[in-house]
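Report on the following structure.
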Amino acid sequence: MLGMNLDDALAFWYGRIDYERRSPKPGDLKLDRMRSLLRGLGDPHLRIRTVHVAGTKGKGSTSAMLAETLRRAGYRVGLFTSPHLVSVTERMQVNGQPITPAELIARMQDVRPVVEAMTRSGEGNAPTFFEVGTAVGFLHFVCRNVDVAVIEVGLGGRFDSTNVVQPMVSVITSISFDHMAQLGNTLTLIAREKAGIIKPGRPVVATMTAEEARAVVISTAAERGSRLSLIDRDFTGRYLPSTEPLLRPARVAVQTSRSWPPMELALLGEHQAQNAAGVVKTVELLTEQGLTIPDSAVAAGLGQVRWPARMEIMGRRPLVVLDCAHNVASVQAMAETFHHTLPVKGMRRLIFAASADKDVPGMLRVLAPHFDAFTLTRFAENPRSVDPQQLADWLRPQIDGRPMTIVMDAPQAWQQVWEQAKPDDGIGIVGSVFLAGELRNRVLADCQAGHPSQG
């Protein structure tokens, strides 16, 4: 395998079956291949301490806050997340730095012979894109000698490729409807898949509030002898809004067995209070297992974390917010935060694109009351993007004649809205991580250069 360069490494990786581009069938999700792949690599996942995070909404923000907290406590911290925004190297980070091209090449050279041997062994044994990426992540964390790695679930939990770890703590965030074809069409079924990350005898922190989901997590934890810490029962997080959200962050007051002093929240939105509370409770459980995490590190982790495309303010005049919300619950949180928390005196403008396997009509119903003008588009990086004409058919009955525009190219859609907006307007970009990733660098550059009205 000598002589592999970055293009070779990426071509090999992207040559695997990719369920982020083609939605998997329920039978496609299993752990046998992942375990075989890792066994061929010396089981790197068992050589690192981990925290495992699942959920429909909030798992990425929770993972980022927890990783930043541990880093501020002086640990070398791995963070594995998916999908990526701009570069695939974002998926595996150590102390906030993505894997380098040289490291990616080296790890892919380690993985490739095992993958090729498995592929030759028979139909159905070929590791997928996500399985290969997960293995590379575990190898990277071992090679970088991380003290602890925060591992975000990709899809579901029970059969997700990451569900091979034996975590110090499992965390399950908000549970709502998403990936119903793979996980089930009731909250009970979806929660059962998420609760699949609960390991016998290992503590679990849960921040969901839906009663159906809570019941499943409570029963699963009891069956597996896992100590459960449940929000609004064993700990709470109270949101303390800012009167000037663009100048001063909101805060959260967390109550566990102790009263934590109010701490700043770098991530926007009332829903971040429950994520932050889950992080604080997780920290307490990690300290019980020997980690040293001072209160100052927790405050810094919550108050100074940076997590792109999660209610990310890109510009202020006009206000531009980029968010990768891609299901009904996360879009609801985005819309309410955008409408009720952020000061917009002018028009509220929406740029929207979405993947076909989502409840797109439901997302549009949630967004419609909160915006004054709508630009519908599609992203080029993933074939699951919904035709904007179809988006228009779903949205039109919801908007009572408010202006709606179809632009087939996402960068062109952004440019058009950016040029039309007045300094007092607000622009929300939402609907998919693929849309956010396609536009983020361009939006950031335009906002930093300044609005045309300022020229």
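None of the figures in this text is laboratory data; all of them are computed from the coordinates on show. Computed from a predicted structure; not experimentally measured. Don't worry about glycine lacking a Cβ; one is built from the backbone with ideal geometry, like all the others, and counts go over all protein chains shown.
Counting only DSSP beta bridges with both residues in the stretch 312-454, the antiparallel share comes to about 25 percent.
If the Kirkwood radius is taken over C-alpha pairs of the chain, then at 10 °C and 1.306 mPa s the Stokes-Einstein diffusion coefficient equals 70 µm²/s. The charge dipole of the stretch 315-447, taken about the Cα centre with unit charges on the Cβ atoms of Lys, Arg (+1) and Asp, Glu (-1), comes to about 260 debye, rounded to the nearest 20.
For the stretch 312-454, relative contact order (Cα pairs under 8 Å, six or more residues apart, normalised by length) works out to 37 percent. Across the stretch 433-446, computed HN-Hα scalar couplings (Karplus, 6.51 cos²θ - 1.76 cosθ + 1.60, θ = phi - 60°) run 5, 6, 5, 4, x, 5, 9, 4, 5, 5, 4, 4, 5, 5 Hz from first to last residue, x flagging Gly and Pro. Restricting attention to the chain, the count of lysine pairs at 8 or more positions apart or across chains with alpha carbons under 20 Å apart stands at 15.
Based on the mean of other Cβ atoms within 10 Å per residue, sort peptides 347-359, 251-263 so the most packed one is first. Please report the intermediate quantities before stating the final value.
Working: 347-359: 22.5, 251-263: 15.9.
Averaged packing, sorted descending, gives the order 347-359, 251-263.
3J(HN,Hα) along the stretch 408-417: 6, 10, 4, x, 5, 4, 4, 4, 5, 5 Hz, from the Karplus curve 6.51 cos²θ - 1.76 cosθ + 1.60 with θ = phi - 60°, whole Hz, x for Gly and Pro.
Using only side-chain charges placed at the Cβ, +1 for Lys and Arg and -1 for Asp and Glu, the dipole size of the stretch 212-348 relative to its Cα centre rounds to 340 debye.
Can you put 405, 134 in order, fewest other beta carbons within 10 Å first? Before the final figure, lay out the partial values.
On the way: 405 17, 134 28.
So the residues, fewest neighbours to most, are 405, 134.
Could you tell me the relative contact order of the stretch 69-133? Use alpha-carbon pairs under 8 Å, at least six residues apart, and round to a whole percent. If you can, show how the numbers build up before the last one.
Values: 50 pairs, mean separation 11.4, N = 65.
After rounding, I find 18 percent.
Note on residue 396 and residue 316: the extension gain reaches 25.9 nm, defined as 0.36 nm multiplied by sequence separation minus the Cα-Cα distance.
The charge dipole of the stretch 1-153, taken about the Cα centre with unit charges on the Cβ atoms of Lys, Arg (+1) and Asp, Glu (-1), comes to about 400 debye, rounded to the nearest 20. Computed from label points 7 Å out along Cα-Cβ, the spacing between residue 35 and residue 186 is 2.9 nm.
Backbone amide hydrogens, once placed in the peptide plane, bring residue 147 within less than 5 Å of 76, 77, 78, excluding anything fewer than 5 places away on its chain. What the phi angles of the stretch 287-298 give under the Karplus curve with 6.51, -1.76 and 1.60, with θ = phi - 60°, is a coupling list of 5, 4, 9, x, 6, 10, 10, x, 4, 5, 5, 5 Hz, glycine and proline written as x.
Show me 160-171, 305-316, 95-106 ranked by packing, highest mean number of other Cβ atoms within 10 Å first.
Values: 160-171: 23.7, 305-316: 18.9, 95-106: 15.8.
For the peptides 160-171, 305-316, 95-106, the packing ranking is 160-171, 305-316, 95-106.
Between 305, 333, 363, the Cα set farthest toward the positive side of the dipole of the stretch 305-367 (charges on each charged residue's Cβ, about the Cα centre) is that of 305. For the chain, the 222 nm mean residue ellipticity estimated from helices alone, with every DSSP H stretch of n ≥ 4 adding -39500 (n - 2.57) and the total spread over all residues, rounds to -12000 deg cm²/dmol.
Indicate the gyration tensor shape class of the stretch 64-185 (rounded, prolate or oblate), computed on the Cα atoms with a ≥ b ≥ c the square roots of the eigenvalues: a/c under 1.5 is rounded; otherwise a/b larger than b/c is prolate and the rest oblate. Each step should come with its number before you reach the end.
Working: a/c = 1.89, a/b = 1.08, b/c = 1.75.
Note, shape of the stretch 64-185 comes out oblate.
Backbone amide hydrogens, once placed in the peptide plane, bring residue 169 within less than 5 Å of 52, excluding anything fewer than 5 places away on its chain.
Using C-alpha pairs under 8 Å with a sequence gap of at least 6, the mean separation divided by the residue count of the chain gives a relative contact order of 15 percent.
Note on the chain: antiparallel DSSP beta bridges, both residues inside, total approximately 35 percent of the bridges counted.
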